[in-house]
1. I'd like the distance between the alpha-carbon centres of segment 13-37 and segment 45-69, rounded to an integer number of Å.
2. Hey, could you get me the Stokes-Einstein D for segment 39-98, Kirkwood radius over alpha-carbon pairs, 4 °C and 1.567 mPa s, rounded to whole µm² s⁻¹?
3. To the nearest 20 debye, what is the magnitude of the charge dipole of segment 1-107 about its Cα centre, counting +1 on the Cβ of each Lys and Arg and -1 on the Cβ of each Asp and Glu?
4. Using only the Cα atoms of segment 1-106, what are the Rg and Dmax in Å?
5. Near Lys101, which lysines are there with a Cα under 17 Å away, not counting those fewer than 8 places off in the same chain?
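Quick note: the coordinates plus some simple rules give every number you see, no bench work behind them. Note that the structure is predicted; figures quoted are calculated from it, not measured. We place every Cβ from the backbone using ideal geometry, glycine too, and count neighbours over all the protein chains shown.
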Amino acid sequence: MDIEPSEAIESLRSDIRRVESTLQKELGSQIAGVRGELAGGMSSLRGEMSGLRDELQGEMSSLRSELRGEMSSLRRELRGEMSSLRDELRGEMSSLRGELKGDMSSLRDELKDHMGVLFEILRDDIRLLAEGVVSIDAKVESLRRHDGPR
């Protein structure tokens, strides 16, 4: 079996090309299979994500409605409490107003009585002063008469 080196090389090249072609075909089919699996997996994931999105949107919508209901209930409750406090404060203020009017009326009456007493004292003092002035005037007049004109 004497084969020339060039024939042997050519035979090896031919074998390598066949193996290469076979490998390319096998790799091509495996790559196509992997691509198919990936496409199926992606489609499955998209379906799951879409389902999760719809589920989350439903839950969020439900929570939004529930929170709005609670907020509405709290709003009514707070308005009721504020109205009750307003009425209570108005009642207390009205009561205090009545008490203040009574106290001020009493104080006015006391001041009126006190001022009446002070006016009486002042009248007495003015009367005494006037009597003193009349007395001094009479004495001065009397002294003028005794001493005569100068």
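1. Taking the Cα centre of segment 45-69 as reference, the centre of segment 13-37 is 47 Å away.
2. In µm²/s, the coefficient rounds to 82.
3. Computed about the Cα centre, the dipole is about 900 debye.
4. Cα only, segment 1-106: 44.1, 147 Å (Rg, Dmax).
5. Lys112
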